[in-house]
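In what follows, a structure is listed as structure tokens, so that the remarks can point back to it.
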Amino acid sequence: MKKFNFPLTLGLILLLPILVAAVAGPFLAPYPADHTESVRYEETSEGRVIVAPPSPPSPDYLLGTNKKGHDMLTLLLYGARWTVFTIPVLTFFKLLLGAAWGIRRAFRPSNPLATLSAGPMNALPLVVFLYFILAPVSNNFPFSPMILVFLFGAVITIFGTPAIALSLEAATREQMGQEYFMAAQAAGASGPYLIRHHLIPFLKERLVILFVTETTLTLNTLGQMGIFSVFLGGTIETFDPRTFNSRVHEWAGLVGQSRFNIFSDQWILLGPLTAYIVTVLGLFLLSEGLQQRYSRTYRR
Amino acid sequence: MNHKKNLFRILAVALTVIILTLAIAVLPSLFSFGRPSLRMYFVHYDTPEFKGSELYRLHFHPENFFRKPLAYFRKMGNGTFFDYYEGKTPRNFLDNAPRHLLISLHYLLPSGIISLFWGVLLSIRGADRKSPPWTFGILSFTAVVPDFILILVLQYLFFLINSMAGGELVRVSSLSMDHRALILPLFVMSCYPTLYLARTLGSRLKIMASEPYILYARAKGLSRNHIRVHHLGPAAVKLVRGDLNKLLSLLFMNLFITERMFNIKGLTAFLFSNIRQYAFTVNTLFLVLTLYVALFCLLYVLLSAASRIMERVGP
């Protein structure tokens with residue numbers, strides 16, 4: 001009898017609505033992206049009172065509005081596509097490059113990669129590199145947000161690829177030590193043939209799991225960038241009062257821009273924070289579930 | 001011969017670090033936008049949000065990889081490489097940097113020691129016991145929950161507790177240099193390295209606990225505590241010593257986020273305050289790297305001493 005894979009099922013249940021939000025976000029959004037809640041008078045038991053944003057959750061604004069009067073649910077629905085589509089695409093390229101590098105190194109050993117990631121340079125986390133490149137141009141960037149997405153992707157690829165390459169180099173070597181592989185090699189199989197028929201089928205599960213965990217890592221890096229007010233796709237900086245807002249309403253950016261709302265008007269932070277945590281949890285459960293599924297398959 | 005080889009290796013690492021630092025400090029001046037120019041390396045693009053931006057171009061300045069370090073060496077020659085500006089006010093790096101360095105050290109050192117202590121203790125304790133399967137799941141999940149989420153949750157939790165208690169039981173943010181948050185930043189900074197050690201060291205010690213010399217010690221009737229202190233303890237310390245780079249990288253990563261989120265004016269705030277001034281950025285990066293090396297040496301010595309003590313002192 002097939003054993004129920006709880007983490008995989010729960011992970012998919014959590015990620016499905018997020019995927020729907022990314023695909024149909026703007027159609028599901030209750031208001032247009034530039035809609036702002038107006039200042040108005042309302043009749044209450046205490047008489048006529050003036051109502052101004054931010055407003056707590058209500059039937060009109062399910063997740064409330066922020067200080068500028070933007071509906072939080074609308075922002076989340078518009079920003080979902082940036083979180084759900086951009087991050088996996090960037091991670092995919094990082095993984096592709098890392099896999100190609102790792103496999104190549106297993107076939108043709110060169111200088112040890114480990115030295116690249118060791119030593120005192122460990123003191124500088126990825127956030128520093130991203131901040132150094134993006135912060136000077138990110139604020140009120142007058143061009144397409146895609147250029148900043150490309151820059152972000154380039155930096156995480158450059159700095160994230162060696163770790164992936166190391167891990168896949170080790171996995172490739174493990175496979176190369178197997179008898180069937182050595183037999184195929186002795187029979188004169190070419191490098192591309194060996195990779196296609198004897199390596200990729202065995203590495204694919206590992207690659208899928210690595211893709212999910214690396215997506216989580218990219219999402220976390222993006223969240224950390226948000227804490228430094230540098231958002232994916234650019235930052236809209238206003239003066240008097242000085243505020244930093246995400247240009248594309250990407251979820252990690254929404255968490256970063258509303259992090260000060262921990263002490264007042266908490267609903268502004270609560271919506272993006274919940275969406276972000278659910279995404280991370282969903283990805284984690286998905287990767288755990290996939291691991292369980294693959295280990296069961298191999299045991300059989 | 002070995003000494004010569006080691007010296008050569010240290011010099012090679014030092015030279016690489018210097019070159020990399022000089023290159024990293026160029027990154028803030030690698031891209032710029034503003035005036036129209038024919039020297040366009042990137043495709044420009046207009047968006048409706050920024051009308052009138054059709055005059056702007058995004059510039060790429062790879063020449064700064066040579067120009068900036070050369071200017072830095074020139075400044076070094078005339079002795080002005082410690083000068084920088086805070087707005088329009090001229091400042092000296094040596095007057096201000098030590099203050100920020102000490103603040104960061106104030107958080108790094110205790111959290112390093114706390115995480116080493118708890119990490120080693122938890123992994124030794126878990127090595128010779130069968131832990132329930134959910135422990136590994138929880139430990140794996142903690143690895144993917146980012147530090148800033150943990151901080152936000154803790155800040156909110158203690159904000160609620162403080163509101164209910166009607167006073168400031170635990171500081172959730174720093175209001176000034178003298179009014180700094182302490183307990184929560186230390187907790188967050190020690191939490192991740194501790195969990196990392198419990199995860200990685202724990203699984204390695206579990207394998208070690210079934211090795212013949214441990215089984216022999218157990219068969220001889222030696223107590224569990226004796227085996228933990230004399231066999232597993234020194235082995236754990238040696239493993240941590242080999243993994244100290246990873247542990248410190250986690251500590252430093254948390255330092256950057258923690259200082260930012262708790263509004264602590266340590267090295268993070270100092271470094272990010274003037275990234276466009278090349279000499280200032282290079283000097284601060286060197287300071288961060290020096291702090292890393294100093295902390296590495298300190299924790300290494302501490303671990304070696306702990307290992308010696310564990311081997312000699314009886315339970």
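Remark: mean inter-chain Cβ contacts per residue of A:223-229 equal 4, using a 10 Å Cβ-Cβ cutoff to other protein chain atoms.
For the pair B and A, the buried accessible area comes to roughly 4800 Å² in total, with a 1.4 Å probe and the value rounded to the nearest 100. About the centre of its Cα atoms, chain B shows a dipole size close to 1040 debye [charges on the beta carbon of Lys, Arg (+1) and Asp, Glu (-1) only; nearest 20 debye]. In order along the range B:298-312, phi translates into HN-Hα couplings of 4, 5, 5, 5, 4, 5, 4, 5, 4, 5, 4, 4, 4, 5, 8 Hz, rounded to whole numbers, per the Karplus curve 6.51 cos²θ - 1.76 cosθ + 1.60 with θ = phi - 60° and x for Gly and Pro. Taken along its three principal axes, the alpha carbon spread of the protein assembly as shown comes to 85, 76, 67 Å, from the longest extent down to the shortest.
Taking Cα centre as origin and charging only the Cβ of basic (Lys, Arg, +1) and acidic (Asp, Glu, -1) residues, the dipole magnitude of the range A:60-299 rounds to 580 debye. Burial here means at least 20 square angstrom less accessible surface with every protein chain in place than with the chain by itself, probed at 1.4 Å; in the range B:229-265 the buried residues are B:Asn245, B:Ser249, B:Met253, B:Phe256, B:Ile257, B:Arg260, B:Met261. Scanning chain B for trypsin sites (Lys or Arg not before Pro) in DSSP loops with at most 10 neighbouring Cβ atoms within 10 Å leaves B:221-315 as the longest stretch between them. Calculated FRET efficiency, B:Asp178 to A:Lys67, Cβ-Cβ distance, R0 = 25 Å: about 0.25 to the nearest 0.05. 3J(HN,Hα) along the range A:170-186, derived from phi through the Karplus expression 6.51 cos²θ - 1.76 cosθ + 1.60 where θ = phi - 60°, amounts to 5, 5, 5, 4, 4, 5, 5, x, 6, 5, 4, 5, 5, 5, 5, 5, 5 Hz, with x in place of Gly and Pro. Taking all protein chains as present, what is the carbon and sulfur share of the accessible area of the range A:60-299, in % to the nearest whole number, probe 1.4 Å? Answer for the range A:60-299: carbon and sulfur cover 65 percent of the accessible area.
With each label modelled as a point 7 angstrom along the Cα→C-beta vector, the B:Thr290-B:Asn6 pair spans 2.4 nm. Remark: the protein assembly as shown carries 51 Å² of accessible area per residue (probe radius 1.4 Å; ligands, DNA and RNA excluded).
For the cross-link pairs B:Lys68/B:Lys265; B:Lys5/B:Lys246; A:Lys3/A:Lys94; B:Lys75/B:Lys265; B:Lys4/B:Lys246; B:Lys206/B:Lys246, the ones whose C-alpha atoms lie over 32 Å apart are A:Lys3/A:Lys94.
The H on the amide N of A:His70, modeled in the peptide plane, is under 5 Å from the matching H of A:Glu37, each at least 5 residues off or on a different chain. A cut-off of 5 Å between modelled amide H atoms, ignoring neighbours fewer than 5 places along the same chain, links A:Asn139 with A:Thr235.
For the range B:97-312, with all protein chains in place and a probe radius of 1.4 Å, 68% of the accessible heavy-atom surface sits on carbon or sulfur. Converting phi to 3J(HN,Hα) with the Karplus coefficients 6.51, -1.76 and 1.60 and the offset θ = phi - 60°, the range A:193-201 yields 5, 4, 5, 5, 9, 10, 10, 4, x Hz in sequence order, with x at every glycine or proline. When the charge dipole of chain A is built from unit charges on Cβ atoms (+1 for Lys and Arg, -1 for Asp and Glu) and taken about the Cα centre, the candidate among A:Phe231, A:Phe6, A:Gln178 whose Cα reaches farthest toward its positive end is A:Gln178. Work from the charge dipole of chain A (Cβ charges, +1 for Lys and Arg, -1 for Asp and Glu, about the Cα centre) and give the residue of A:Ile195, A:Leu15, A:Gln291 farthest towards its positive end. Ranked along the dipole, the leading option is A:Ile195. For the pair A:Ala100 and A:Ser167 in one chain, pulling the backbone fully straight at 0.36 nm per residue adds 22.9 nm over the alpha carbon distance.
Each of B:Ser203, B:Val293, B:Leu232 was placed along the dipole of the range B:97-312 (beta-carbon charges, centred on the mean Cα), and the one lying farthest toward the positive end is B:Leu232. Just checking the listed ones, B:Ser29, B:Ser249, B:Ser176: in the Gaussian network model of chain B with Cα springs under 10 Å, the one fluctuating most is B:Ser176.
The values are calculated or read from the model by the stated rules, or taken from the named source; none is laboratory data. On a predicted model such as this, the values are computed, not experimentally measured, just so you know. Reconstructed Cβ throughout: ideal geometry from the backbone, glycine too, with neighbour counts over all protein chains shown. These area figures cover heavy atoms from the full protein model, side chains too; ligands, DNA and RNA do not enter into them. Shrake-Rupley method; radii C 1.70, N 1.55, O 1.52, S 1.80 Å.
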